[in-house]
Amino acid sequence: MSGFDFELHRSTNAVTSREQAHVTFWSGSVGGLGNVELVVPALEVLDVRDRGRRSGAMVTGESIPRASFTGLWYGQRPRLAEGRLSVAGQDAAVSRRAWRASRRGRALRVWAVGREYRYRETTGRRHHLLSRPEASVTMARSSWKDPDIISGSAQGSVDSVDISLAILFEGVYTRNLSLRGALISGPSRLLARVD
């Protein structure tokens, strides 16, 4: 696949339990990959005992590998802290350099299905870039907290794994990928750990 654009639109949930009342879905058709959905928080990727402390995000679709991320709870989204990533049923590694000043230096480093990626904030907290040497996916949210639309633009030899990861990280709390964001969200994150 080469360059294409896509949009995921927020949808409401038919609530069947109290826990599902706060679940949000974004879905849409992505390139030639069919329908894709982002779910936050994704209760099915969490152990029942962790649901009060951890949150999860999950991407599913017709022709993309399932990807999920779990981490300490912040709002509805999982944070990068104590994060666990799974792509296509395989555990993946995630790391970052928290003390770097630049956005590029603070980029999230991801190793999944034999590839190395970088995920970083670009022009502001609503704009992100997932990249590997042959491909990149630029993502944007219509608003920071609860976007109605999450849009993407794929460049290069993008495939289903790239799309799955790029969409997944839009469901993760990544505000601290910029130094300013880390300074702003630091006190709240510290208080969340005390609880």
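Assessment of the stretch 145-157 against the conditions (without any contact (Cβ under 8 Å) to a residue 60 or more places away in the chain, crowded, with 21+ Cβ neighbours inside 10 Å and either closer than 22 Å to Leu46 by Cβ or β-branched (Val, Ile, Thr) (or both)) yields no matching residue. Does the stretch 112-120 contain at least one residue that is assigned to a strand (DSSP E or B), touching a residue at least 24 places away in the same chain (Cβ under 8 Å), surrounded by fewer than 19 Cβ atoms within 10 Å (Cβ to Cβ) and of a type in the set (Lys, Arg)? Checked against the condition, which is being assigned to a strand (DSSP E or B), touching a residue at least 24 places away in the same chain (Cβ under 8 Å), surrounded by fewer than 19 Cβ atoms within 10 Å (Cβ to Cβ) and of a type in the set (Lys, Arg), the stretch 112-120 yields at least one hit.
Counting only residues that are in contact (Cβ under 8 Å) with a residue 40 or more places away in the chain and closer than 13 Å to Leu168 by Cβ, how many does the stretch 53-74 have?
Going through the stretch 53-74 one residue at a time, the tally reaches 11.
Let me confirm something: among Gly71, Gly75, which residue is surrounded by 14 or more Cβ atoms within 10 Å (Cβ to Cβ), modelled with pLDDT under 80 and of a type in the set (Gly, Ala, Ser)?
Answer to the check: Gly75.
Scan the stretch 145-161 and tell me whether some residue there is closer than 21 Å to Arg106 by Cβ and touching a strand residue (DSSP E or B) at 6+ places or on another chain (Cβ under 9 Å). No; the residues of the stretch 145-161 include none that is closer than 21 Å to Arg106 by Cβ and touching a strand residue (DSSP E or B) at 6+ places or on another chain (Cβ under 9 Å). Can you tell me which residue within the stretch 11-32, out of those that are more than 16 Å from Glu170 (Cβ to Cβ) and modelled with pLDDT of 85 or more, is least open to solvent (accessible area, probe 1.4 Å)? Looking at the filtered set, the residue picked out is Gly31. Against the test of being charged (D, E, K, R), in contact with a strand residue (DSSP E or B) (Cβ under 7 Å, 6 or more places away or on another chain) and at pLDDT 90 or above, the options Arg109, Arg96 yield a single qualifying residue, Arg109.
Out of the stretch 122-139, which residues are open to solvent by less than 20 Å² (accessible area, probe 1.4 Å) and at pLDDT 90 or above? Of everything in the stretch 122-139, those that are open to solvent by less than 20 Å² (accessible area, probe 1.4 Å) and at pLDDT 90 or above turn out to be His128, Leu130, Ala135, Val137, Met139.
Per-residue answers, yes or no, for (1) closer than 20 Å to Ser27 by Cα; (2) at pLDDT below 80; (3) part of a helix (DSSP H, G or I); (4) out of contact with any Ser or Thr (no Cβ under 8 Å at 6 or more places or on another chain):
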{"position": "Ser143", "(1), (2), (3), (4)": "yes, no, no, yes"}
{"position": "Pro147", "(1), (2), (3), (4)": "yes, no, no, yes"}
{"position": "Ser153", "(1), (2), (3), (4)": "yes, no, no, no"}
{"position": "Ala166", "(1), (2), (3), (4)": "yes, no, yes, yes"}
{"position": "Glu170", "(1), (2), (3), (4)": "yes, no, yes, yes"}
{"position": "Arg180", "(1), (2), (3), (4)": "no, yes, yes, yes"}
{"position": "Leu183", "(1), (2), (3), (4)": "no, yes, yes, yes"}
{"position": "Pro187", "(1), (2), (3), (4)": "no, yes, yes, yes"}
{"position": "Leu191", "(1), (2), (3), (4)": "no, yes, yes, yes"}
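Residue-wise test of (1) touching a strand residue (DSSP E or B) at 6+ places or on another chain (Cβ under 6 Å); (2) closer than 12 Å to Glu170 by Cα; (3) crowded, with 16+ Cβ neighbours inside 10 Å.
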residue: Val39; (1), (2), (3): yes, yes, yes
residue: Val45; (1), (2), (3): yes, no, yes
residue: Arg51; (1), (2), (3): no, no, no
residue: Arg79; (1), (2), (3): yes, yes, yes
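Going by what's in this entry, would Ala107 be described as more than 14 Å from the chain's Cα centre (by Cα) and touching a residue at least 40 places away in the same chain (Cβ under 8 Å)?
Against the criterion (more than 14 Å from the chain's Cα centre (by Cα) and touching a residue at least 40 places away in the same chain (Cβ under 8 Å)), Ala107 does not qualify.
The values are calculated or read from the model by the stated rules, or taken from the named source; none is laboratory data. Everything quoted here is computed from the prediction, not taken from an experiment. For neighbour counting, all protein chains shown are included, and Cβ atoms are generated from backbone atoms with ideal geometry for every residue, glycine included. Surface accessibility is based on the protein's heavy atoms, side chains included, excluding ligands, DNA and RNA. Shrake-Rupley method; radii C 1.70, N 1.55, O 1.52, S 1.80 Å.
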